[in-house]
Amino acid sequence: MSLVAEYLISALLLLGGAFTLIGAIGLARLPDFFTRLHGPTKATTVGVGAIMLSSVFYFSANGAGIGISEILITVFLLMTAPVSANILAKAAMHIGVKTMENTEGNPWDQ
């Protein structure tokens, strides 16, 4: 494996780990349901995508070929995370989950 490939894989792993950590911290620290929803759906999706992409690069650089299962997992993750976040937010709006007191606007009251 070349040095450039190792640097690329390491950078993707560090980037993925950083985004996943930021998403987890956001999930734990943000004040209400709607702001907590951003942590796992935005940052963690990018983090896991970068980690999966580094796995694809690692196994293709070692001669095992491009792993179709890893690519399919990444595509499935990138397609389902926004949809599930939207469904969770709509369900929370329907049952009346409270927001923070300084949240501006109520699009579901219109």
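The values are calculated or read from the model by the stated rules, or taken from the named source; none is laboratory data. Because the structure is a prediction, the values reported are computed rather than measured. A quick note on method: Cβ atoms are made from the backbone with ideal geometry, for glycine too, and the neighbour counts reach across all protein chains shown.
Taking the criterion of being more than 16 Å from ALA81 (Cα to Cα) and small (Gly, Ala, Ser), the residues of the range 27-58 that qualify are ALA28, SER54, SER55. The residues listed here are THR35, THR99; of these, the one that is touching a residue at least 60 places away in the same chain (Cβ under 8 Å), outside any loop (DSSP other than H, G, I, E, B) and over 30 Å from ILE9 (Cβ atoms) is THR35.
Set side by side, the residues ILE9, ILE22 differ, and just one is surrounded by 14 or more Cβ atoms within 10 Å (Cβ to Cβ), within 24 Å of VAL83 (Cα to Cα) and modelled with pLDDT of 85 or more, which is ILE22. Would you pick out the residues in the range 76-89 that are within 19 Å of SER55 (Cα to Cα) and surrounded by 12 or more Cβ atoms within 10 Å (Cβ to Cβ)? LEU77, LEU78 - these are the residues of the range 76-89 that are within 19 Å of SER55 (Cα to Cα) and surrounded by 12 or more Cβ atoms within 10 Å (Cβ to Cβ). In the condition set (1) surrounded by 12 or more Cβ atoms within 10 Å (Cβ to Cβ); (2) of a type in the set (Val, Ile, Thr); (3) not in a helix (DSSP H, G or I), ILE73 is compliant with all but (3). Quick one: how many residues across the range 1-32 are under 19 Å from LEU88 (Cβ atoms), aliphatic (A, V, I, L, M) and in a helix (DSSP H, G or I)? Selection size over the range 1-32: 3.
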